[in-house]
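The values are calculated or read from the model by the stated rules, or taken from the named source; none is laboratory data. On a predicted model such as this, the values are computed, not experimentally measured, just so you know. Don't worry about glycine lacking a Cβ; one is built from the backbone with ideal geometry, like all the others, and counts go over all protein chains shown.
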2 protein chains.
Amino acid sequence: MHRLILDGPPGLEKEGTSMSTDRTAGTVVTAADYETCPVTRVLRRVGDKWTPAVIRLLAAGVHGFNELDRSIEGISRRMLTRTLRTLEDEGFVSRRTPAAKAMRVEYALTELGESLREQLFALGRWAEAHDTALRAARDKG
Amino acid sequence: MHRLILDGPPGLEKEGTSMSTDRTAGTVVTAADYETCPVTRVLRRVGDKWTPAVIRLLAAGVHGFNELDRSIEGISRRMLTRTLRTLEDEGFVSRRTPAAKAMRVEYALTELGESLREQLFALGRWAEAHDTALRAARDKG
DNA sequence: CCGTATCCGTAACGATACTG
DNA sequence: CAGTATCGTTACGGATACGG
């Protein structure tokens with residue numbers, strides 16, 4: 001009911017398995033899908049400019065604000081803050097201040113964030129496998 | 001060399017397996033990564049507003065322009081055109097005019113597009129599996 | 001049926017300066 | 001070290017009207 005990108009009608013995964021009954025008339029993507037569907041939500045988040053880099057670095061063990069800042073070429077502190085805050089709001093990143101270690105903050109992937117990272121790495125492996133085709137289309141344009 | 005979201009240093013997939021040698025100093029995401037990395041490119045494409053819906057419907061057997069237009073609530077012809085053109089440029093969608101069938105055009109997923117769709121559906125299953133956690137964070141914000 | 005052209009508003013992003 | 005505040009620019013998307 002609230003899924004956008006997810007299994008369509010049964011037998012549709014591989015087209016033509018069942019001789020298409022031609023019931024395309026009722027297929028509609030509603031506006032409500034865009035508010036409720038968790039997939040599109042995640043896609044939009046991960047489709048922004050800096051989120052992939054931040055997730056990658058957090059997974060690689062970079063935890064401090066300025067460390068992150070220095071590790072991502074071209075990012076501004078403003079955008080790094082915004083990106084981290086949003087990831088925090090969505091539950092992908094945790095923020096803690098070690099206390100006693102003044103002027104220090106530690107960002108890290110939550111369990112959910114780590115789970116998301118796995119998905120992104122999987123997409124990375126897919127992109128790697130289809131690198132030739134992806135670049136071919138890109139170079140033609 | 002040109003990967004952004006993809007396997008980091010060996011032994012990093014599961015943190016702490018090897019006692020961290022603390023070599024975080026050289027970890028940098030360069031600006032060049034953003035131009036060359038096929039993952040971020042795909043993420044930005046799929047993170048736009050209408051691409052997921054279009055891919056979903058093409059996979060479901062909707063092929064005509066106005067069919068797509070009518071099947072996606074709220075989309076304008078302008079944005080549908082732009083979305084389709086971009087997907088075509090990236091090699092995910094094919095466009096053909098049946099010829100003799102005047103005033104008719106057929107959009108479809110290419111093999112690469114079908115491959116991408118599988119990845120998105122996989123992400124959909126992930127989102128479904130983590131639905132509770134995803135909504136929990138969202139509702140707190 | 002399948003688009004293009006034009007204009008406009010908003011949101012994302014960048015640059016720079018300042019602060020606890 | 002870890003941010004905020006302010007301002008300007010650019011990209012994305014919506015509305016509307018027109019054309020092949």
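Kindly indicate the residue of segment A:47-70 that is basic (Lys, Arg) and more than 7 Å from chain B (Cβ to nearest Cβ) and also farthest from the chain's Cα centre (by Cα) among those meeting that condition.
A:Arg70
Among A:Thr132, A:Thr110, A:Thr81, A:Thr86, which is the only one that is within 16 Å of DNA strand C (Cβ to nearest atom), surrounded by fewer than 20 Cβ atoms within 10 Å (Cβ to Cβ) and over 21 Å from B:Lys49 (Cα atoms)?
The conditions single out A:Thr81.
Would you mind stating whether B:Leu80 is within 11 Å of DNA strand D (Cβ to nearest atom) and within 17 Å of the chain's Cα centre (by Cα)?
It is true that B:Leu80 is within 11 Å of DNA strand D (Cβ to nearest atom) and within 17 Å of the chain's Cα centre (by Cα).
Do you know which of the residues in segment A:89-105 that are away from DNA strand C (no atom under 15 Å from the Cβ) and surrounded by 13 or more Cβ atoms within 10 Å (Cβ to Cβ) is nearest to the chain's Cα centre (by Cα)?
A:Phe92
Provide a single number: the residues in segment A:89-109 that are facing chain B (nearest Cβ under 9 Å) and free of Cβ contacts under 8 Å to residues at least 24 places away in the same chain.
Going through segment A:89-109 one residue at a time, the tally reaches 2.
If we keep just the residues of segment A:104-120 that are out of contact with any helix residue (DSSP H, G or I) (no Cβ under 8 Å at 6 or more places or on another chain) and closer than 19 Å to A:Ser71 by Cα, which is modelled with the highest pLDDT?
Only one residue fits best here, namely A:Glu106.
Does A:Glu118 satisfy being closer than 13 Å to A:Ile55 by Cβ and either more than 21 Å from the chain's Cα centre (by Cα) or in contact (Cβ under 8 Å) with a residue 12 or more places away in the chain (or both)?
no
Among (1) under 30 Å from B:Leu58 (Cα atoms); (2) at pLDDT below 95, there is one condition A:Pro52 misses while meeting the rest; what is its number?
(2)
What tally of residues in segment A:54-68 results from selecting those that are within 11 Å of DNA strand C (Cβ to nearest atom) and in contact with a Ser or Thr (Cβ under 9 Å, 6 or more places away or on another chain)?
Here the count works out to 1.
Test each condition in (1) under 21 Å from A:Ala127 (Cα atoms); (2) within 15 Å of DNA strand D (Cβ to nearest atom); (3) modelled with pLDDT under 95 for B:Ala127 and report the one that comes out false.
Failing condition for B:Ala127: (2).
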